[in-house]
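What follows is a short report on a single structure.
Throughout, read-outs are computed from the coordinates displayed, never taken from laboratory work. Just so we're clear, the structure is a prediction, and the values are computed from it rather than from any experiment. All Cβ positions, glycine included, derive from the backbone under ideal geometry; neighbour counts span all protein chains shown.
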Amino acid sequence: MADKSPSSGYLFVLVLFAFVFVLMLPLVGMMLVDTMVVKREAKAQMEKTEKLRKQIEDERKKDDGKAGGQVGLN
């Protein structure tokens with residue numbers, strides 16, 4: 001007989017899906033971990049940027065207070 005039985009075809013597909021799943025699971029896990037790391041780094045950079053922005057604003061306010069009415073006389 002040249003024809004394979006239908007159950008052997010289903011078994012082949014099942015083994016193929018299991019093989020692909022075993023290969024893809026670690027890749028998906030690594031992508032998830034990498035995404036979480038990038039999010040954390042982006043959040044840290046945003047906090048640093050916000051801190052520097054507030055520091056610059058505070059320095060400007062302090063400089064404006066010292067200059068008083070002399071702003072723009074250069």
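Odds and ends about this structure:
- Working from label points 7 Å from Cα in the Cα-to-Cβ sense, the Val33 to Glu47 distance is 2.3 nm.
- Charge tally in the Cβ shell below 14 Å around Met46, where Lys, Arg are +1 and Asp, Glu are -1, Met46 excluded: +4
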